[in-house]
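The values are calculated or read from the model by the stated rules, or taken from the named source; none is laboratory data. As the structure is a computational prediction, the values presented were derived from the model and not from experiment. Here the Cβ positions follow ideal geometry from the backbone for every residue, glycine too, while neighbour counts run over all protein chains shown. The accessibility values were calculated without ligands, DNA or RNA, using every heavy atom of the protein model including side chains. Shrake-Rupley method; radii C 1.70, N 1.55, O 1.52, S 1.80 Å.
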Amino acid sequence: MEWSIQEIARRAGTTSRTLRHYGDLGLLAPSRVGSNGYRYYDQDALVRLQRILLLRELGLSLPAIKGVLEGQRDTAVALRAHLRLLEQEQARIGRQIASVRTTLHKTEEGMELMAEEVFDGFDHTAHEREVTERWGREAYEKGDRWWRSLGEAGKKAFLDEHEAIARDWGRAREAGLGADGEQAQDIARRHCAWLSSSSGAPSRSYVIGLGEMYVADPRFGKNYDRYGDGTAAFVRDALTIYAEQRLTD
């Protein structure tokens, strides 16, 4: 079975122009092109489009999506990974909704609030297992102790600093600046200084690996690509240059 480009665009809530753009970028090739020039899409193309739309909703840029799709040849494995991410996000948002409802109810009733109720769903320890598997238990425990020691003002300052850096990355990319230019490299310096505040001076390999993760992992990439498609890739490129020139292992 196959569908015309107009049918797919309507059902997916997008436009024919967008689908043609995906095709031009090598993201979504039609299964065939009719003699009249119309594009048609089969079931495999539908599954690929679903993956593209999922990654877009997670904040990934189109170049980053292309890299993810090219690196994940097994469609079933990729879809299971997408499903796990969506289920995790669904559970987290569900906890946040319940938390806000509880806060609203207790505030209106003049009842005492419990910290664990107010911040349920905002728990930074949600990635404990992943951090432990990637960098070891000691790394997680060190980071956990540091985070808890900050206090509310310290935590806000840390997050605000990252937000300012992320905005500057987006502005630099939008201005068409080079990743190796003076301004981008100064933002890279600030980024590394921000990283060092939590775990000491970062190594060359750590910063380069982190930059790659910003592009490969939608959970991280969306922090930058929300300031414009391609920002995460720009961050990766600038950090890689900075690390190779200024940092050691």
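Using each residue's phi in the stretch 222-236, evaluate 6.51 cos²θ - 1.76 cosθ + 1.60 at θ = phi - 60° and report the 3J(HN,Hα) Karplus result to the nearest Hz, with x for Gly and Pro.
Karplus values, whole Hz, x for Gly and Pro: 5, 5, 10, 5, 5, 9, x, 3, x, 5, 4, 5, 5, 4, 4.
Give me the accessible area per residue for the stretch 1-74, probe 1.4 Å, as a whole number in Å².
59 Å²
Note the full-extension length gain between THR15 and LEU79 as 0.36 nm times their separation in residues minus their Cα-Cα distance, in nm to one decimal.
Extending this stretch completely gives an extra 20.7 nm.
Could you order PHE220, PHE158 by accessible surface area, starting with the largest, using a probe radius of 1.4 Å?
In descending accessible area the options line up as PHE220, PHE158.
Which ³J(HN,Hα) values, rounded to whole Hz and listed in residue order, are derived for the stretch 162-171 from phi using the Karplus coefficients 6.51, -1.76 and 1.60 in 6.51 cos²θ - 1.76 cosθ + 1.60 with θ = phi - 60°, glycine and proline given as x?
Using θ = phi - 60°, the values come out as 5, 4, 5, 5, 4, 4, 5, 4, x, 5 Hz.
Using the basic label-point model (7 angstrom from Cα toward the beta carbon), what is the ARG171 to VAL33 distance in nanometres?
Distance between the two pseudo-spin positions: 4.3 nm.
Take every Cα-Cα pair in the stretch 160-226 and report what % of them are more than 16 Å apart.
Tail of P(r) above 16 Å: 50 percent of Cα pairs.
Based on the Cβ-Cβ distance from GLN183 to GLU152, what FRET efficiency comes out when R0 is 25 Å, to the nearest 0.05?
Efficiency for this residue pair is about 0.15.
Let me check I've understood the local charge: for ALA243, count other residues with C-beta under 13 angstrom from its C-beta, Lys and Arg +1, Asp and Glu -1. What total comes out?
Its environment carries a net charge of -1.
Whose amide H sits under 5 Å from the amide H of LEU28, counting only residues 5 or more places off or on another chain, with H placed in the peptide plane?
GLY23
Multiply the residue gap between ARG101 and ARG204 by 0.36 nm, knock off their C-alpha separation, and tell me the result in nm, one decimal place.
32.6 nm
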